[in-house]
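Colleague: Dropping a structure here in structure tokens format, bear with me for questions.
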């Protein structure tokens, strides 16, 4: 399987990086690395995440302090959004 990052999820990563970079530049890099590694779970087990209500094919996983929302097809996992657990959605 292949991971594809949507435009919005890329913007989410930039927002998360920018937020942490101002406070702790080292953690900003670590947070993005952590999020990118967390995508391995849905790549290996696409149905591992819990289903999102009112969105038939969309699932989400909790990875540390972050929530990743994704959609899986036969050969692709599309990362739709990424949030910190304390962010409003």
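Colleague: Output the number of the condition that residue 37 fails; it satisfies all remaining conditions of (1) under 16 Å from residue 5 (Cα atoms); (2) surrounded by 12 or more Cβ atoms within 10 Å (Cβ to Cβ).
Modeller: (2)
Colleague: Quick one: which residue in 43, 80 is touching a residue at least 40 places away in the same chain (Cβ under 8 Å) and more than 12 Å from residue 12 (Cβ to Cβ)?
Modeller: Step by step, each of 43, 80 is checked, and only 43 is touching a residue at least 40 places away in the same chain (Cβ under 8 Å) and more than 12 Å from residue 12 (Cβ to Cβ).
Colleague: Kindly provide the set of residues from the range 42-62 that are touching a helix residue (DSSP H, G or I) at 6+ places or on another chain (Cβ under 8 Å) and surrounded by fewer than 16 Cβ atoms within 10 Å (Cβ to Cβ), ordered by number.
Modeller: 48
Colleague: So residue 65 clears everything in (1) within 20 Å of residue 18 (Cβ to Cβ); (2) within 14 Å of the chain's Cα centre (by Cα); (3) surrounded by fewer than 16 Cβ atoms within 10 Å (Cβ to Cβ); (4) modelled with pLDDT of 95 or more except one condition, right? Which one?
Modeller: Result: residue 65 fails condition (4) only.
Colleague: Next question. Tell me whether the range 51-59 contains one or more residues that are farther than 21 Å from residue 7 by Cβ and assigned to a strand (DSSP E or B).
Modeller: Yes, the conditions are met somewhere in the range 51-59.
The values are calculated or read from the model by the stated rules, or taken from the named source; none is laboratory data. Note that the coordinates shown come from a computational prediction; the quantities given were computed from them, not determined experimentally. Neighbour counts are summed over all protein chains in view; Cβ atoms, including those assigned to glycine, are modelled from backbone coordinates with ideal geometry.
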